[in-house]
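None of the figures in this text is laboratory data; all of them are computed from the coordinates on show. In this text, all values refer to a predicted model and were calculated from it rather than measured experimentally. Note: ideal-geometry Cβ built from the backbone for every residue, glycine included; neighbour counts use all protein chains shown.
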Amino acid sequence: YHVPEDDRTALLARCLVARGEPSRARAIIDGALKTSPGHAGLLAESASLYLSERLPAEAVTDFDRAFAVEPFPPAWLYKRGMALRLLGREEAARRDLERAAELERLAARMSELDDEAGKRPDDANVRSDLGDLCIRLGKASLAAAWQKVEEANQLLETKRTELEATGAKPRSRFYLERALNSYFVQDYFGAFQDLLTAATLAEAEDDRLVH
């Protein structure tokens, strides 16, 4: 797995702060921001460092820039809320802290639903709830992926019933069985592709399918 260089730099800066080397952390953050001024992770690390140095105005500025790119991390919202509180902006601080708590609850619920989806792969309500949560957490691409899983699952159920009712010749039966195996190990995308292949082969083999 390849970690982008700017993400690695942000992580390194966080480690340096934890080791009590804030000056080194500031140097590498500032250097990285010269070439990647819009990187949300670097901006958030810069803001966090400003907050630890009791420079709340600078912290709020960098958090604002980070949120313009990535608006949902609850830890960042919490820290910006603390910086706003230091500036005496209580109402804005309260909104950030409440939103951070809400996002933490949503993330915990998403983890629970992930577990439920694994235990109950036939439950469309779980997949629907996961998609809704992804949207609320700003994970649009993940929400779209869950939608595709649901579409694949619906097609699987329809085609499985059709093909099993009519019977499929050996080649299409192979893809049908492989699709079902993929389904039971929760490889919904693999199941979707094999179902399409099985359906195409079955239709080509005969107008009326026989064993």
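Quick rundown of the values:
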| item | result |
| --- | --- |
| Residues that are over 17 Å from residue 58 (Cβ atoms) and basic (Lys, Arg), drawn from the stretch 68-102 | 94, 95, 99 |
| Which listed residue, of 42, 11, 55, is of a type in the set (A, V, I, L, M, F, W, C) and under 21 Å from residue 87 (Cα atoms) | 55 |
| Filter result (surrounded by 14 or more Cβ atoms within 10 Å (Cβ to Cβ) and either under 21 Å from residue 75 (Cα atoms) or among the small types (Gly, Ala, Ser) (or both)) within the stretch 8-32 | 9, 10, 12, 13, 14, 16, 17, 22, 25, 26, 29, 32 |
